[in-house]
Amino acid sequence: MIRRIGILMLLAICLGCLQTAAQTVYVELGGASTAAGVHYDSRFSSHTRWGGRIGVAYTHSKDADFFQDSPYKTTGWTFPAAVNYLIGGRQHYLELGIGVSYGLYQTFTMSLDGHQVERHRTGTFGFLDIGYRFQSKHGWMLRAGLNPGLGLGMTDELGNNEHEANRATALYPYVSVGYSF
């Protein structure tokens, strides 16, 4: 059910981007990208402050709160998608958004006999965008804020459900720099 909601959200954003006004490509560090990602963002029309973003990001974590049983290392690719709304005027905005990210992960742990154990996992997490956004009509864009997140369930390579993601334990800061065209 959660994956279906995420896929529907991604499709809605993609369809909305077909008839867009302002379009922005940016690099995000932290936040929904976890480590670093590239995103495409646009308003749904030139007469609305509603917009959406889709992206691809690389994840690298040595923190045990990413997966509770993988304190050694987690890497992978995530695919964030979100809808957002801009409050404010001129070029300075409060950006509020809600999104979902699907991830393909590899986790590494050490076995009791000292060998490295690798597991492949998929996972989905929901997140909020709460931050400042400087947005010129054509030119530079800057974002900075916080992403509270919530793990929506994980599965291992056998399809077993694992609710081990602990993404809601902290606010993940983000900063983004991009260009609007």
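The values are calculated or read from the model by the stated rules, or taken from the named source; none is laboratory data. Small disclaimer: the values here were computed from a predicted structure and weren't measured. Glycine also receives a Cβ, built like all others from the backbone with ideal geometry; neighbour counts cover every protein chain displayed. Note: areas computed on protein heavy atoms with side chains; ligands, DNA, RNA excluded. Shrake-Rupley method; radii C 1.70, N 1.55, O 1.52, S 1.80 Å.
Those residues that are of a type in the set (K, R) and open to solvent by less than 10 Å² (accessible area, probe 1.4 Å), I need them from the range 131-152; list them, please. Even if it seems obvious, please write down each step before you answer.
Step one: of the range 131-152, the residues of a type in the set (K, R) are 133, 137, 143.
The answer is R133, R143.
Would you call L96 surrounded by fewer than 18 Cβ atoms within 10 Å (Cβ to Cβ) and either modelled with pLDDT under 90 or in contact with a helix residue (DSSP H, G or I) (Cβ under 7 Å, 6 or more places away or on another chain) (or both)?
Criteria not met by L96.
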